[in-house]
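Structure first, commentary second.
Read the figures in this text as sums done on the coordinates, not as results from a lab. None of these values were measured; they are calculated from a predicted model. Reconstructed Cβ throughout: ideal geometry from the backbone, glycine too, with neighbour counts over all protein chains shown.
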């Protein structure tokens with residue numbers, strides 16, 4: 001069984017993406033790792049090429065700046081990396097540049113790949129998610145966060161990135177997947193407020209028009225982390241590869257539950273979910289097979 005990792009990235013330094021930590025977190029169980037590096041102005045390519053591993057293969061890409069709807073350019077860049085995966089690989093392990101896997105999960109992920117290798121009807125593996133917000137001490141637990149997503153896919157040329165690269169489709173259909181007992185740590189909402197604000201102003205360009213951005217995106221020098229609905233303390237350990245990144249936190253964030261921003265409807269639905277585990281109306285970007 002051969003496994004390929006793949007991702008895409010652009011301006012990782014400017015927007016404080018832990019892309020090196022992301023790549024190296026799963027490198028031990030990958031035979032190769034494809035990185036589509038978009039044209040950057042901050043040394044991102046040098047950052048990635050500096051990873052001390054002969055498994056890394058860099059593809060230089062140019063982002064299509066005319067694609068300004070639904071994050072389509074992100075799916076396109078994902079597919080560029082996916083297309084370069086070795087045809088000999090059984091599985092392709094996808095991580096976005098702000099997603100990291102804890103080393104404690106690697107043996108179980110590899111075991112799951114080996115288990116499902118001979119079941120062609122299983123087209124991917126679905127992971128749990130922990131979405132960090134404001135600091136490395138809190139994770140989001142409201143309905144605004146997706147709880148699970150596909151990150152390992154079978155190496156099949158009919159499978160492509162979907163919409164804004166959150167998930168995948170095969171010939172336009174949801175993938176048939178099996179669960180894996182592992183969590184993806186999503187750090188996209190934990191970075192210096194200045195970097196977070198710059199990232200928001202930049203990334204809205206790939207979803208919306210200039211007019212929309214002008215009317216909807218607050219112009220400020222620092223991102224306001226207080227506008228969140230619900231968080232819970234994170235009491236576990238972070239991946240070892242994140243140690244240096246965590247040590248660079250130079251801002252403070254204090255969560256006050258009394259300042260929660262949420263409608264009455266969402267508070268009721270949130271209460272039901274906490275009591276029963278059932279998320280009413282939850283959207284699943286995959287088809288879970290029970291075997």
Computed FRET value (nearest 0.05) for residue 263 with residue 232, which takes r as the C-beta separation and R₀ as 25 Å: 0.80
Extension reserve of the residue 275-residue 66 stretch, reckoned as 0.36 nm per residue once the Cα distance is removed: 70.7 nm
Cβ-Cβ FRET estimate between residue 221 and residue 86, R0 fixed at 51 Å, reported to 0.05: 0.70
Highest-MSF residue in the chain out of 197, 72, 158 [GNM, Cα springs under 10 Å]: 158
To the nearest 0.05, what FRET efficiency results for residue 114 and residue 202 with a Förster distance of 41 Å applied to their C-beta separation? 0.55
Normalising by the residue count of the chain, find the relative contact order in percent from Cα pairs under 8 Å and 6+ residues apart. 21
Among 90, 276, 111, residue whose mean-square fluctuation peaks in a GNM of the chain (springs only between Cα atoms under 10 Å): 276
Given axes a ≥ b ≥ c from the Cα gyration tensor, I'd like to know whether the range 178-245 is rounded (a/c under 1.5), prolate (a/b larger than b/c) or oblate. prolate
Report the full-extension gain for the segment residue 42 to residue 290: residue separation times 0.36 nm, less the Cα-Cα distance, to one decimal in nm. 84.7 nm
Only bridges with both residues in the chain count here: give the DSSP antiparallel percent, nearest 5. 45
Under the rule a/c < 1.5 gives rounded, and otherwise a/b versus b/c splits prolate from oblate, where does the range 14-130 land using the Cα gyration tensor? prolate
For 145, 91, order by how many other beta-carbon atoms lie within 10 Å, fewest first: 145, 91
Using a 10 Å cut-off around each Cβ, can you sort 161, 86 from fewest to most neighbouring Cβ atoms? 86, 161
Take 61, 218 and order them by how many other Cβ atoms sit within 10 Å, fewest up front. 218, 61
